[in-house]
Amino acid sequence: MSDATAELSAEQQLAADTNEQREVRLAKRDRLIAEGEAYPVSVPVTTTIAAVRAAHPDLEAGAETDDEVGIAGRVVHVRNTGKLCFAAIQAGDGTRIQIMVSLAAVGETSLKRFKELVDLGDHLFVHGRVIASKRGELSVFVDQWQIASKAIRPLPNLHSELGEEFRVRNRYLDLIARQQARQMVITRAATNASLRSTFAAHGFTEIETPMLQTVHGGASARPFTTHSNAFDTELFLRIAPELFLKRALVGGIDRVFEINRNFRNEGADSTHSPEFAMLEAYEAYGDYNSIADLTQELIQNAARAASPDGSQTVTWADGTRYDFSGQWDRIDLYGSLNEQLAAAYTGEGQAPQITVETPIDQLQALADAVDLKLDPKTATHGKYVEELWEHYVKPGLERPTFVMDFPLDTSPLTRQHRSKPGVVEKWDLYVRGFELATGYSELADPVVQRQRFVEQSLLAAKGDPEAMQVDEEFLAAMEYGMPPAGGMGMGIDRLLMALTGLGIRETVLFPLVK
RNA sequence: GCGCCUCUAGCUCAAUUGGCAGAGCAGCUGACUCUUAAUCAGCGGGUUCUGGGUUCAAGUCCCAGGGGGCGCACCA
C-alpha cells in the first residue's frame with residue numbers, strides 16, 4: 001500500500017477500539033500471563049453448579065458440609081470486602097452460586113490477587129467445601145481459585161434491561177444476561193426434536209434438498225438471486241423446497257419431510273425475516289385431511305415439549321395461556337366469509353353471497369367498501385376473496401383453526417377439490433392471528449400442472465415478481481407419475497412464536513441485522 | 001419502497017428556551033471477615049452516530065448520509 005495512513009497495524013486497531021476498562025483488564029491479562037496463565041487449557045472441575053445446588057437443596061444458614069467441589073462459571077457479581085470476599089459465578093445454563101474467599105482459608109497473597117485480578121465477566125474456577133453463609137446463601141468456601149478465562153471487555157450492567165438492538169446484535173451477552181434468551185434456545189431445540197420424533201413415529205424420512213436453485217418456484221415470493229462462477233449461471237436462493245420434495249415423492253420416498261431455511265427477498269417486520277426456517281412434509285396416499293391430522297399432532301406434541309408442565313397449554317411471554325389441546329376447528333373459507341359478511345351487513349334485503357362464480361368487479365366493490373386496496377394489474381378473484389376473508393374472519397379466530405378450501409387461481413400447485421367446483425383442497429392453519437401452516441391435497445396431474453405453470457409465467461410476464469417459472473424438469477418428474485399425496489408447510493420461527501408469544505427476532509438466535 | 005420517531009460514558013438512561021455534558025451500575029484508589037444491585041470516602045471515564053450549515057455559543061435548530069424502531073405497502 002502506498003497510502004500508509006490507510007493501513008492500521010493490528011496493535012493500532014486494538015487501541016482504536018478501546019476504553020479505560022478494557023485497558024485495565026488487558027493489563028490484568030498481561031500480569032496473569034506473566035505469573036502463569038490467563039487462559040489455561042482446562043481447569044479441574046469436579047461437578048456443575050446445578051449439581052451442587054441439587055445436592056444441597058436446603059442447607060441451614062451457617063451450616064458447613066465436607067463436600068469438596070471444583071466448579072467453574074462466569075463471574076456475575078463481586079463484593080470485595082476486607083478479609084472476606086464474595087462473588088457469584090454463573091454457569092451457561094444460568095444457574096448461579098456464591099463463592100466466598102477468606103483470608104483464613106487462602107492466605108494474604110491469594111486474597112490480594114483475587115481482589116486485584118478477578119473482574120465481572122471472567123470465567124473463574126474455584127475449589128472448596130459447600131457451606132451456607134450466615135445469611136443462608138448456598139456457597140463454596142474457597143480454598144483454591146484460578147481464572148479460567150480472563151475477560152477483556154466489561155460485562156454490560158446486569159441490573160438494567162439490555163436495549164433491544166444491543167440484545168440482537170450481541171446475542172451472546174443476551175444469553176448471559178437473560179434467562180428468557182437461554183430458554184428460547186432450549187425451547188427451539190426441543191421443538192425441533194419433537195417435530196422430528198413425531199415424524200419418525202409416523203414413518204417419515206428427513207431429506208435435504210437444494211438451497212441454490214436454477215429455477216424459481218415452489219411458492220409465490222420474490223427470490224434472492226446470485227451467480228455461480230462454476231456454472232456461469234444465475235441462481236436463486238430457494239423460496240421453498242416443494243418441487244424437490246415432490247421429486248423425492250416421485251422417486252418413492254413416500255413419507256418425506258425437510259426442516260431447513262428458505263430465503264425471501266421481501267419486507268422484514270415482527271413476523272417476517274428474510275431467512276426463515278421452514279418445515280415441509282409430503283405423505284403419499286394421504287390428502288389435505290390426513291395431513292391436517294398430522295399437523296395438529298406435530299404442533300400438539302411440540303407444545304408439550306415447549307411447555308414446562310408437559311401439557312398442551314403453553315404460557316406466552318405476556319402471561320397469556322394458550323391451549324393447543326383437543327380437536328381443532330375446520331371451517332370453510334367461503335362459508336365463514338359469507339357468515340361474517342351477513343353479520344356485518346346493514347343494507348336492504350339479502351346480504352351479498354360470495355361464491356367461486358362471483359365476478360371480480362363485485363368483489364372489488366366489496367373490497368373498496370372496507371378500504372382494501374389491491375393492485376388491479378395482478379388482482380384475481382382469489383386474491384380478492386382471500387383479502388376479504390382476512391378482513392372479515394381472521395380477526396375473530398382465537399383457537400387454532402384450519403381454514404379449508406381456497407380459490408383455485410391463488411394455489412397453482414394444488415389439486416382441485418374432489419366435489420366442490422372452483423376451489424382447491426387447501427387449508428391454512430391460523431394460530432394467534434397469523435398463518436402458521438398450510439396444507440394441500442397435492443396436484444398430481446402433470447398436464448394440469450403444466451397449464452398452471454404457464455398461467456404463472458404469464459403473470460410473471462405481466463410484472464408479478466413473485467410468480468413462478470415453468471419448471472420443465474419438475475414437470476418431467478411428474479410425468480413419470482407422482483402418487484396422490486397430502487402436503488404441508490409450516491414456519492418453524494412462527495411455530496416458536498405461537499409457542500412462546502414472542503416476536504420473530506426473539507425466536508431467531510442470530511437474526512439478520514445490517 | 002413511502003411516512004413518522006429515535007441514536008448521549010462499557011451498559012441503562014438524564015440534560016429546562018440554543019448557554020460549563022450528568023446520574024445509576026461498571027472502572028480506579030482507600031476502609032471493612034457474612035455480603036445479596038453491600039456500604040462509606042475520594043478519583044477517572046465522552047468524536048453526544050457521521051459530514052456539512054446557522055449562531056457569540058449546538059447534544060439541542062437546519063440539510064445530507066448511516067444505524068435502529070413503529071406504521072403503511074408486500075409477504076410466511
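The values are calculated or read from the model by the stated rules, or taken from the named source; none is laboratory data. Not measured: the values here are computed from a predicted model. Here the Cβ positions follow ideal geometry from the backbone for every residue, glycine too, while neighbour counts run over all protein chains shown.
Restricting to region A:144-183, name every residue that is within 10 Å of RNA strand B (Cβ to nearest atom) and of a type in the set (Gly, Ala, Ser). Passing the criteria: A:SER160, A:GLY163, A:ALA177. Apart from one condition, A:GLN179 fits all of (1) within 21 Å of A:ILE89 (Cβ to Cβ); (2) among the polar types (S, T, N, Q); (3) in contact with a helix residue (DSSP H, G or I) (Cβ under 6 Å, 6 or more places away or on another chain); the exception is (3).
Listed here are the residues, each with its yes/no results for (1) more than 30 Å from A:PRO483 (Cα to Cα); (2) part of a loop (DSSP other than H, G, I, E, B).
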{"position": "A:ASN289", "(1), (2)": "no, no"}
{"position": "A:ALA343", "(1), (2)": "yes, no"}
{"position": "A:GLN350", "(1), (2)": "yes, yes"}
{"position": "A:ASP375", "(1), (2)": "yes, yes"}
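Of the residues A:GLU60, A:GLU68, the single one that is part of a loop (DSSP other than H, G, I, E, B), more than 8 Å from RNA strand B (Cβ to nearest atom) and touching a Gly at 6+ places or on another chain (Cβ under 8 Å) is A:GLU60. Pairing each residue of region A:34-47 that is in contact (Cβ under 8 Å) with a residue 24 or more places away in the chain with any residue that is surrounded by 10 or more Cβ atoms within 10 Å (Cβ to Cβ) and assigned to a loop (DSSP other than H, G, I, E, B), provided the two are 6+ apart or on different chains, yields C-beta distances under 7 Å for A:ALA38/A:LYS150; A:TYR39/A:LYS150. Can you pull out the residues in region A:383-413 that are over 16 Å from A:SER336 (Cβ atoms) and touching a Phe, Trp or Tyr at 6+ places or on another chain (Cβ under 9 Å)? Of everything in region A:383-413, those that are over 16 Å from A:SER336 (Cβ atoms) and touching a Phe, Trp or Tyr at 6+ places or on another chain (Cβ under 9 Å) turn out to be A:SER411, A:PRO412, A:LEU413. Within region A:34-57, restricting attention to residues that are in a helix (DSSP H, G or I) and under 41 Å from the mean Cα position of the chain (by Cα), which residue is surrounded by the fewest Cβ atoms within 10 Å (Cβ to Cβ)? The extreme case among them is A:ALA54.
If I go through region A:203-233 residue by residue, how many of them are assigned to a loop (DSSP other than H, G, I, E, B), away from RNA strand B (no atom under 16 Å from the Cβ) and either surrounded by 14 or more Cβ atoms within 10 Å (Cβ to Cβ) or of a type in the set (Gly, Ala, Ser) (or both)? Residues meeting the conditions: 7.
If you check A:ALA303, A:ALA292 for being surrounded by 21 or more Cβ atoms within 10 Å (Cβ to Cβ), more than 16 Å from RNA strand B (Cβ to nearest atom), closer than 22 Å to A:GLY503 by Cα and in contact (Cβ under 8 Å) with a residue 12 or more places away in the chain, only one passes: A:ALA303. In region A:165-179, how many are among the acidic types (Asp, Glu) and surrounded by 14 or more Cβ atoms within 10 Å (Cβ to Cβ)? Final tally of qualifying residues: 1. Yes or no: A:ILE131 of a type in the set (A, V, I, L, M), more than 30 Å from A:LEU243 (Cβ to Cβ) and either within 13 Å of RNA strand B (Cβ to nearest atom) or part of a loop (DSSP other than H, G, I, E, B) (or both)? Spelling it out, A:ILE131 is indeed of a type in the set (A, V, I, L, M), more than 30 Å from A:LEU243 (Cβ to Cβ) and either within 13 Å of RNA strand B (Cβ to nearest atom) or part of a loop (DSSP other than H, G, I, E, B) (or both).
The residues of region A:289-321 that are under 16 Å from A:GLU435 (Cα atoms) and in contact with a Lys or Arg (Cβ under 9 Å, 6 or more places away or on another chain) amount to a single one, A:ALA292.
Residues of region A:244-277 that are β-branched (Val, Ile, Thr) and not in a loop (DSSP other than H, G, I, E, B): A:VAL250, A:VAL256, A:ILE259. Among the residues of region A:352-362, those that are of a type outside the set (Asp, Glu) and assigned to a loop (DSSP other than H, G, I, E, B) comprise A:PRO352, A:GLN353, A:ILE354, A:THR355, A:VAL356, A:THR358, A:PRO359. Would you tally the residues in region A:138-162 being touching a residue at least 24 places away in the same chain (Cβ under 8 Å), among the small types (Gly, Ala, Ser) and surrounded by fewer than 16 Cβ atoms within 10 Å (Cβ to Cβ)? Residues that pass the stated criteria total 0. Using the structure shown, decide if A:ARG182 is surrounded by 18 or more Cβ atoms within 10 Å (Cβ to Cβ), within 17 Å of the chain's Cα centre (by Cα), closer than 24 Å to A:ASN260 by Cα and among the charged types (D, E, K, R). Judged against the criteria, A:ARG182 is not a match. A:ALA132 versus (1) out of contact with any helix residue (DSSP H, G or I) (no Cβ under 7 Å at 6 or more places or on another chain); (2) of a type in the set (A, V, I, L, M, F, W, C); (3) free of Cβ contacts under 8 Å to residues at least 60 places away in the same chain: which is the lone unmet condition? The failed condition is (3).
The C-beta contact set for region A:432-451 (first residue among the aliphatic types (A, V, I, L, M), second residue more than 16 Å from RNA strand B (Cβ to nearest atom) and part of a strand (DSSP E or B), distance under 9 angstrom, 6+ apart or interchain) comprises A:LEU443/A:GLN416; A:ALA444/A:ALA485; A:VAL448/A:GLN416. Among the residues of region A:167-181, is there at least one that is of a type in the set (Val, Ile, Thr), part of a loop (DSSP other than H, G, I, E, B) and within 25 Å of A:ARG53 (Cα to Cα)? No, region A:167-181 contains no residue that is of a type in the set (Val, Ile, Thr), part of a loop (DSSP other than H, G, I, E, B) and within 25 Å of A:ARG53 (Cα to Cα). In region A:481-514, of all residues being surrounded by fewer than 17 Cβ atoms within 10 Å (Cβ to Cβ) and modelled with pLDDT of 95 or more, the one that is nearest to A:TYR288 (Cα to Cα) corresponds to A:PRO484. The residues on offer are A:GLU398, A:GLU473, and the sole one that is in contact (Cβ under 8 Å) with a residue 24 or more places away in the chain and surrounded by fewer than 17 Cβ atoms within 10 Å (Cβ to Cβ) is A:GLU473. Would you call A:LEU249 more than 28 Å from A:GLY267 (Cβ to Cβ) and either at pLDDT below 95 or buried (at least 20 other Cβ atoms within 10 Å of the Cβ) (or both)? Taking the combined requirement at face value, the residue satisfies it.
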